[in-house]
Amino acid sequence: MIESLSLLKNFKEMESQKVRVRFAPSPTGPLHIGGVRTALFNYLFAKKNNGDFLLRIEDTDQTRFVPGAENYIMEALEWCGIKVDEGIREGGPHAPYRQSERKAMYKKYADQLVAAGDAYYAFDTPEELDQLRTAAESKGETFTYNAETRVSLCNSLTITEAEVKAKMERGDHYVIRFKMPSNVDVSEVDMIRGLVTFNTDRLDDKVLFKSDGMPTYHLANVVDDHLMEISHVIRGEEWLPSMPLHVLLYEKLGWKHPRFAHLPLILKPVGKGKLSKRDGDKMGFPVFPLLWTDPFTGEISKGYREDGYFPDAFVNMLAFLGWNPGTEQEIFSMDELIKAFDLERVGKSGSKFDPEKTKWFNHQYMLRKPDSEVAGLFKEFLAGRGITCDDSYIQRVVSMIKERAVFIPDLWAQGSYFFEEPSEYDEQSIKKRWKEGVPQMMSEIGDVLSSFDGTWEASSIKECFSEFMNSKGWGFGLVMNAFRICIVGAAMGPDLFEICEMIGKEETLQRIDKAVKTIVL
RNA sequence: GGCGCGUUCUUCUAACGGUUAGGAAGUCGGAUUCUCAUUCCGAAAAUAGCAGUUCGAUUCUGCUACGCGCUACCA
């Protein structure tokens, strides 16, 4: 009874608060597909609950700034169809949305924690700490800045107030560290994993505020999430260990903390570990949504967009990495994903990335997209090869061959013969189908078709062809395949008579003629 | 090492105490077809291990193993 009452209370609380989530990447390079998925899940959750999706750039580490990365992130989200409600481009009531531009806001909260005794100034230099770490390591131990060690280090807990003041006036570098309380069990419900408990004795005194005047991730994300009225923090599993720190920070700052959900990781297709850029290079699939050129090394990484994937197929595939609707439906538009999405249906375990399934999704989208849409894309591709032609012609080609294509360029590989005569003839097909006597047969068929004076359309061409075949008593299989080689250049493609109709009588006769002259037995 | 999280066919996963453990990708058959591709049928393929709770465990608990994550003045 008490339990259901408190549940009811929670429910009411939830209801009264508007859902606001954020995607908060660090602009240190191109956005990895794991990051895109995090953004997607945040977006889906927000839209499902009529909430807002914010984009906040976490650039508190100036040493890791990469030019172009921020822009890349926004372009990638845009390509995916993930619309930002508040962000650095869109603006919003909590601007600025770049942490480096919010720099002035953080110190106040760090000082507030120090004043309340929940944080302290520490003057130990990075070099001193490094030394302690390597010394501990050589003894097979790990150095941790915590309740045990802070009493013998240089900080405002161990030196007098006057000394602290003197050091600061002298301009000594210092950081502000969180004073992790001792032996407290911090329990928090993760929306995906359930109740998770950590004991503070195993945690360290994290730096909250760096000596360069910037907050660390921990402080900045808590302050900003509070100020920006974030209701749910949905992020990667790698953040789970810092959840207790964040919960404590909210508590000490006197704030209500958002709900947390930690997403499982995306793993390598083969072997162990999380997906990395290397896996893509090695196995030939993109790991990034968009092509990326490293501004320092010039190194190029493939992108899904440039590799010909449809953004909606890419998003559909991503949604199914760690989430499933519980039904047998697999193809979902963004709107359908929004309707169906539920954090409770996000799995707990990491999923291996499957490049093959991604292709399958793309093929499904190729099949389902209207011919006109695919034709528009294919038209661009053709234009790139200097081929221009009628929209309706392209559309008809698309309708005939898209079922055998995964990507737009496949339409060319599967249908170039609709636009130009074969430049070469497939060796395998010739070996199998271009037999003794075939050239003569082809010539005769050419003659028959040449004198054919009915309407040049598939059904009548077929009729004429069949009549002639019957009169000759030739094997349909043998002749048709050879004929196909003349027209297409290989043993592939849709109905041959339809192809003849499409390319026209002149072209058909010319190709027969060329094949007979060119192909050697 | 410490802490945390995880573990169902090769892969993505369903089954939130009772099913012949279901679907999808891939693979292999077969049907259709002038060919290729589609499409349609079919096949092989899984609850990490050991205890416990229970009339009954994939499902709950514990231990073991394995995997992953975190353990920076990086996010």
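The values are calculated or read from the model by the stated rules, or taken from the named source; none is laboratory data. Please read these numbers as outputs of a predicted model, since none were measured by experiment. Every residue, glycine as well, gets a Cβ built from its backbone with ideal geometry; the counts of neighbours run over all protein chains shown.
The table below gives the values:
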| read-out | value |
| --- | --- |
| Criterion (within 16 Å of RNA strand B (Cβ to nearest atom) and either basic (Lys, Arg) or out of contact with any Gly (no Cβ under 6 Å at 6 or more places or on another chain) (or both)) met by exactly one of A:Glu403, A:Glu373, A:Glu380 | A:Glu403 |
| Residues of the range A:49-75 classified as touching a residue at least 40 places away in the same chain (Cβ under 8 Å) and within 16 Å of RNA strand B (Cβ to nearest atom), total | 14 |
| Answer residue from the range A:219-256, given it is buried (at least 19 other Cβ atoms within 10 Å of the Cβ) and free of Cβ contacts under 8 Å to residues at least 40 places away in the same chain and is nearest to A:Val346 (Cα to Cα) among those | A:His246 |
| Inter-residue pairs, beta-carbon under 6 Å, first more than 15 Å from A:Asp447 (Cβ to Cβ) and in the range A:490-518, second small (Gly, Ala, Ser) and part of a helix (DSSP H, G or I), 6+ apart | A:Ala490/A:Ser429; A:Ala491/A:Ser429; A:Phe497/A:Ala458; A:Glu498/A:Ala458; A:Glu501/A:Ala458 |
| Scan of the range A:152-211 for residues that are touching a residue at least 60 places away in the same chain (Cβ under 8 Å) and among the acidic types (Asp, Glu), ordered by number | A:Glu188, A:Asp190, A:Asp204, A:Asp205 |
| Looking only at the range A:299-338, and only at residues there that are among the aliphatic types (A, V, I, L, M) and closer than 26 Å to A:Met283 by Cβ, the one that is farthest from RNA strand B (Cβ to nearest atom) | A:Ile300 |
| All helices (runs of 4 or more DSSP H) inside the range A:1-114 with 2 or more residues being modelled with pLDDT of 95 or more, among the charged types (D, E, K, R) and more than 26 Å from A:Thr216 (Cβ to Cβ) | A:33-48, A:69-80 |
| Selection from the range A:422-446 of residues that are without any contact (Cβ under 8 Å) to a residue 40 or more places away in the chain and within 18 Å of A:Leu496 (Cα to Cα) | A:Glu444 |
| Cross-chain or 6+ apart pairs with Cβ under 6 Å, the range A:127-150 first and farther than 16 Å from A:Val175 by Cβ and without any contact (Cβ under 8 Å) to a residue 12 or more places away in the chain, then surrounded by fewer than 11 Cβ atoms within 10 Å (Cβ to Cβ) and not hydrophobic (A, V, I, L, M, F, W, C) | A:Ala136/A:Thr142 |
| Residue in the range A:274-285 that is of a type in the set (Gly, Ala, Ser) and more than 9 Å from RNA strand B (Cβ to nearest atom) present | yes |
| Selected residue (only one of A:Phe341, A:Phe288, A:Phe296 is away from RNA strand B (no atom under 16 Å from the Cβ) and in contact with a Leu (Cβ under 8 Å, 6 or more places away or on another chain)) | A:Phe288 |
| Condition broken by A:Arg177, with the remaining ones in (1) in contact with an Asp or Glu (Cβ under 9 Å, 6 or more places away or on another chain); (2) among the charged types (D, E, K, R); (3) more than 11 Å from RNA strand B (Cβ to nearest atom) satisfied | (3) |
| Tally of residues being basic (Lys, Arg) and exposed (fewer than 13 other Cβ atoms within 10 Å of the Cβ) across the range A:106-134 | 1 |
| Test result for A:Ala122, over 21 Å from A:Asp59 (Cβ atoms), over 39 Å from the mean Cα position of the chain (by Cα) and within 11 Å of RNA strand B (Cβ to nearest atom) | yes |
| Among (1) in contact with a Leu (Cβ under 8 Å, 6 or more places away or on another chain); (2) more than 13 Å from RNA strand B (Cβ to nearest atom); (3) of a type outside the set (Ser, Thr, Tyr); (4) not in a helix (DSSP H, G or I) - the single one A:Leu157 does not satisfy | (1) |
| The range A:133-154: number of residues that are more than 13 Å from RNA strand B (Cβ to nearest atom) and in contact with a Ser or Thr (Cβ under 8 Å, 6 or more places away or on another chain) | 3 |
| Of residues in the range A:406-446 being of a type in the set (Gly, Ala, Ser) and outside any loop (DSSP other than H, G, I, E, B), the one farthest from RNA strand B (Cβ to nearest atom) | A:Ser443 |
